[in-house]
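Note sheet for the following structure.
Derivation of every value follows stated rules applied to the coordinates shown; laboratory data play no part. Remember, predicted model here, so these are calculated numbers, not experimental data. Heads up, the Cβs are rebuilt from the backbone with ideal geometry, glycines too, and the neighbour counts pull from every protein chain shown.
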């Protein structure tokens, strides 16, 4: 990831394009980490679909589950899955179709469970 000086948003590296029906994209990663970096797409399409609310919901969930020290939630430029709804990237996984209604469940299953040890085992 490289940092861009505009609003502190990070520009993720390019990824292979996925068909619109693809909901989760797993990327290769050899890192074992105890923290999770979560990037919520703030591109125009995602922003208009509520990515700002998703970002705030994820921050709220990290606080609620006492995982603030393990989960870094940030806005990012386009994740290039514009046709699939709001997109997030949690470490090496891209999840699309995130919205207000499913944000809490997606946070628990695709973000909080990546914390080592997972939040559910605490």
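Taking other C-beta atoms within 10 Å as the exposure proxy, 47, 39 rank 47, 39 from fewest upward.
In the stretch 27-121, the DSSP beta bridges split such that about 55 percent are antiparallel, to the nearest 5.
Taking a ≥ b ≥ c as the square roots of the eigenvalues of the alpha-carbon gyration tensor, the stretch 37-122 is classed prolate because a/c is 1.5 or more and a/b outweighs b/c.
Simple spin-label estimate for residue 104 and residue 77 gives 3.5 nm between the two label positions (7 Å along the Cα-to-Cβ direction from each Cα).
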